[in-house]
Amino acid sequence: MAEPDGLKLLAEDHRRVEALFEEFEGTKGKLNKARLVQTICIELKVHTLLEEEIYYPAIRGEVDEADLEEAYVEHDAAKLLVNELAAAAPDEAFFDAKVKVLKELVEHHVKEEEKQRDNLFQQTRAAGIDLKALGARLEARKAELMEQAAGKGLPPAQPATMIHEGV
Ligand SMILES: [Fe+2]
Ligand SMILES: [Fe+2]
């Protein structure tokens, strides 16, 4: 089997989450919405963990440091809403608004990772990182995390950059 390209794997995650948010917009019924949001939360918890445990450390020093720091902080902003939504019922106040704001945060973040000019993925390719080795590590860790998600479940997402109380 061909070894996976790490950036392709991460981009596939992005496409999957974009499709789920799209699906949410056309979904009616509390139960269906709740199910979909739980799936989105799992996808985003796993993806942010993969990037923060493996991808971001692998590119630190190779890409623009300010871009990378911004990515970590954007993850933390998304995690706040992910943790809220993972614990929420769809008839709660602000439920749909939280989903919408999370979608917007993710869209913005994905743009900076792989769509805008001089994005992080471009910087990664230009730096000559071993993308196959990265892909193998991401794939293995993802399998573990998805197994955990299907079993005992994933714990709330932990912020990586928030220093003060109340997060
Ligand atoms: Fe990403
Ligand atoms: Fe990210």
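At a Förster radius of 22 Å, what calculated FRET efficiency corresponds to the Cβ-Cβ distance of GLU69 and GLU25, to the nearest 0.05?
Once rounded, the FRET efficiency stands at 0.10.
What residue among VAL17, VAL101, VAL37 has the largest mean-square fluctuation in a Gaussian network model of the chain, using Cα springs under 10 Å?
Of the options given, VAL101 has the highest mean-square fluctuation.
To the nearest 0.05, what FRET efficiency results for GLU144 and ASP96 with a Förster distance of 25 Å applied to their C-beta separation?
In this case the efficiency is close to 0.15.
Taking a temperature of 20 °C and a viscosity of 1.002 mPa s, what whole-number D in µm²/s does Stokes-Einstein yield for the chain with Rh from Kirkwood over alpha carbon pairs? All intermediate terms of the calculation are to be shown ahead of the outcome.
Numbers: Rh = 16.6 Å.
It diffuses with D of about 129 µm²/s by this estimate.
With point charges of +1 on the Cβ of Lys and Arg and -1 on the Cβ of Asp and Glu, referenced to the Cα centre of region 54-108, which listed residue (ALA71, LEU85, ALA58) lies farthest in the positive direction of the dipole?
LEU85
In the chain, which whole DSSP H runs stretch at least 27 Å along their own axis (Cα) and average -0.5 or higher on the Kyte-Doolittle scale?
6-25, 30-50, 65-86, 131-150
Rounded to the nearest 500 deg cm²/dmol, what is the calculated helix-only ellipticity per residue at 222 nm for the chain, with -39500 (n - 2.57) per DSSP H run of length n ≥ 4?
Calculated from helices alone, the mean residue ellipticity at 222 nm is -22000 deg cm²/dmol.
So which trypsin sites (Lys or Arg not before Pro) in region 1-72 end up in coil per DSSP with only 12 or fewer other C-beta atoms within 10 Å?
Those satisfying the criteria are LYS28, ARG60.
Counting Lys and Arg as +1 and Asp and Glu as -1, each charge on the Cβ, what is the dipole of region 6-150 about the Cα centre in debye, to the nearest 20?
580 debye
What do you get for chymotrypsin sites (Phe, Trp or Tyr not before Pro) in region 45-110 restricted to DSSP loop and a cutoff of at most 15 other Cβ within 10 Å of the site's Cβ?
PHE94
In nm, what is the difference between 0.36 nm times the number of residues separating GLN158 and ALA2 and their Cα-Cα distance? Walk me through the numbers on the way to the answer.
On the way: separation 156, 0.36 × 156 = 56.16 nm, distance 3.33 nm.
Using 0.36 nm per residue and subtracting the Cα-Cα distance, I get 52.8 nm.
For region 108-156, give the percent of accessible area contributed by carbon and sulfur heavy atoms, probe 1.4 Å, rounded to a whole number.
Numbers: 1530 of 2960 Å².
On region 108-156, the fraction of accessible area on carbon and sulfur atoms equals 52 percent.
Running a GNM on the chain with Cα contacts under 10 Å, which residue among GLY135, GLY151, GLY61 ends up with the highest mean-square fluctuation?
Highest fluctuation among the options: GLY151.
Which residue fluctuates most in the GNM of the chain (Cα springs below 10 Å): ALA126, ALA157, ALA71?
Greatest mean-square fluctuation among the candidates belongs to ALA126.
Looking at region 44-111, which GluC sites (Glu not before Pro) are DSSP coil and have at most 14 other C-beta atoms within 10 Å of their C-beta?
Working: sites: GLU51, GLU52, GLU53, GLU62, GLU65, GLU69, GLU70, GLU74, GLU84, GLU92, GLU104, GLU107; in loops: GLU62, GLU92.
Here the GluC sites (Glu not before Pro) that fit, given the DSSP loop and packing criteria, are GLU62, GLU92.
Mind jotting down the distance between the C-alpha centroids of region 117-160 and region 55-89, whole Å?
Spelled out, the Cα-based centre of one part sits 12 Å from the other.
The values are calculated or read from the model by the stated rules, or taken from the named source; none is laboratory data. All values derive from a computational prediction rather than experimental measurement. Quick reminder, even Gly has a Cβ in these numbers, built from the backbone with ideal geometry, and neighbours come from all protein chains shown. Ligands, DNA and RNA are stripped out before the accessible areas are found, and what is left, the full protein with its side chains, is counted by its heavy atoms. Shrake-Rupley method; radii C 1.70, N 1.55, O 1.52, S 1.80 Å.
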